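Asks: Here's a structure for you.
All of the numbers you see were taken from the coordinates with simple rules; none came from a lab. Just so it is clear, the model here is predicted, and its values are computed rather than measured. For neighbour counting, all protein chains shown are included, and Cβ atoms are generated from backbone atoms with ideal geometry for every residue, glycine included.
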Amino acid sequence: STFEIDGTAPGQFDVLKQLAAGHTVTFGGTLDLVFSGTFAAGDTFKLFEFSTYSGDFADVMATGLTGNQKASWDKATGVVTLTVPEPATMAFLVIGGLAMAGAGLRRRRKAD
């Protein structure tokens, strides 16, 4: 399923509605999100409206996002949310990686 997302306002992105009682939306295959425009962390897009669902997408592909933006899919709500890792989180990952590399070098030197 391909969804083109041009903005956050109603009408700027596709919505699949299956609200009738007893109707189930079945997710499968790849959810392809094509973004065009400027978006911020925390922007949400309710792509599916349904009473019940089954299955899940095997893969979620998002194109057109900038920087470190990522699209997060919630199958229980039918909502895609944009996220950006916080700088502090990225710094902790880098520092942790450097610490692991340093510990490995220290062990190697002690073994020699």
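Asks: Based on the alpha-carbon gyration tensor of the chain and its eigenvalue square roots a ≥ b ≥ c, which shape applies: rounded if a/c is under 1.5, prolate if not and a/b is larger than b/c, or oblate?
Replies: Judged from the Cα gyration tensor, the chain comes out prolate (a/c at least 1.5, a/b above b/c).
Asks: Taking only Cα atoms, what is the 0 to 90° angle, nearest 10, from helix 87-111's long axis to the longest principal axis of the chain?
Replies: That works out to roughly 40 degrees.
Asks: Say we join alpha carbon atoms closer than 10 Å with springs in a Gaussian network model of the chain; which of 31, 98, 47 then has the biggest fluctuation?
Replies: 98
Asks: Lysines near residue 70 by alpha-carbon distance under 30 Å, same-chain residues fewer than 8 away left out - which ones?
Replies: 17, 46
Asks: Can you tell me the length gained on complete extension of the stretch residue 4 to residue 99, counting 0.36 nm per residue apart and subtracting the Cα distance? Can you show the working numbers first?
Replies: Working: separation 95, 0.36 × 95 = 34.20 nm, distance 4.20 nm.
Here the segment from residue 4 to residue 99 would lengthen by 30.0 nm.
Asks: Label residue 75 and residue 107 with points 7 Å out from Cα along Cα→Cβ: what is the distance between them in nm?
Replies: Output for this residue pair reads 3.7 nm.
Asks: Amide H of residue 5: which non-local residues (sequence gap of 5 or more, or other chain) have their own amide H closer than 5 Å, using H built in the peptide plane?
Replies: 34, 35, 36
Asks: Residue 38 to residue 57: extension gain in nm, 0.36 nm per residue of separation minus the Cα-Cα distance? Before the final figure, lay out each step's value.
Replies: Numbers: separation 19, 0.36 × 19 = 6.84 nm, distance 2.54 nm.
Full extension of this stretch gives 4.3 nm more.
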